[in-house]
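Each reported figure results from applying straightforward, stated rules to the coordinates on display, with no laboratory input. All of these numbers come straight from a predicted model, not from anything done at the bench. Ideal geometry is used to build each Cβ from the backbone, glycine not excepted, and the neighbour counts take in all protein chains shown.
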Amino acid sequence: MSSPSGPSADVSVRVAWADDAEAIAEIQARAWATSYAVLVPAAGDLRPADFAQLWRDALTRPADARHRALVALERNRVVGFAITTPATDPDCDPVTDGELMEFTVDEAERGKGHGSRLLQAAVDTMLADGFTRAVAWLVADDDTYRTFLTSAGWAADAAHRTLDLDGSGSSQVRQVRLHTRLS
């Protein structure tokens, strides 16, 4: 039997631990600074410490037994995270509809398969929690995320909303919802 000619990547996805809070916070702060800095200038000033304690609390005391946090790993380094929960939209059934509430892969780690592994693990987690459908909200002009999800079988379901990010009405973001049947 021959061995591979080069080293194989040590990549995986697992349930997030409280010890992952700082790594998740760093990824989230970088992602928000990139995604929301134009809409909310203060987003560029976010520090991982602003998020770390919130993550630690959420990971040790989830709001619901079906509120799950997953991390994508390269070796022992967190490179992405996903949150799955029961869907909270008024037209969703929280017993059968799950929500991919957060999904972020560190920008420097994209294109290496981490996102696909993380999405599959999130779908598997929602299935294990008894959900038969999943929804995800995304910024309306985030073509990269939309393409990623639609290539995995998700589709727009005509739901949309506008979020007021700072409460003043001057920093609004339009979102669209995608959905998929889980099987």
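By its C-alpha gyration tensor, with a ≥ b ≥ c as the square roots of the eigenvalues, how is segment 48-108 shaped: rounded for a/c under 1.5, else prolate for a/b larger than b/c, else oblate? Note, shape of segment 48-108 comes out prolate.
What FRET efficiency, computed as 1/(1 + (r/R0)^6) with R0 = 25 Å and r the Cβ-Cβ distance, is obtained for E22 and K112, rounded to the nearest 0.05?
Details: r = 22 Å, r/R0 = 0.88.
Efficiency, rounded to the nearest 0.05: 0.70.
Using every Cα-Cα pair within the chain, state what percent have a distance larger than 24 Å. So the portion of pairs separated by more than 24 Å is 41 percent. A full extension of the chain between A65 and A159 corresponds to an added length of 31.2 nm, given 0.36 nm per residue minus the alpha carbon distance. Coupling constants for segment 50-67 follow from the phi torsions by the Karplus curve (6.51 cos²θ - 1.76 cosθ + 1.60, θ = phi - 60°), and in residue order they are 5, 9, 4, 5, 4, 5, 4, 5, 5, 6, 8, 9, x, 5, 8, 4, 9, 8 Hz; glycine and proline get x. A helix-only calculation puts the chain at -9000 deg cm²/dmol for mean residue ellipticity at 222 nm, using -39500 (n - 2.57) for each DSSP H run of at least four residues, averaged over all residues. Backbone amide hydrogens, once placed in the peptide plane, bring L165 within less than 5 Å of S171, Q172, V173, excluding anything fewer than 5 places away on its chain. Taking a label point 7 Å from the Cα of V15 along the Cα→Cβ vector, which residues of segment 127-146 have an amide N closer than 17 Å to it? Answer for segment 127-146: 127-131. 3J(HN,Hα) along segment 129-142, derived from phi through the Karplus expression 6.51 cos²θ - 1.76 cosθ + 1.60 where θ = phi - 60°, amounts to 7, x, 6, 10, 9, 10, 10, 8, 9, 9, 4, 4, 9, 8 Hz, with x in place of Gly and Pro. With neighbour counts taken as other beta-carbon atoms within 10 Å, the residues S183, S35 rank, fewest first, as S183, S35.
Dividing the alpha-carbon radius of gyration of segment 112-167 by the rule-of-thumb value 2.2 N^0.38 Å gives 1.30.
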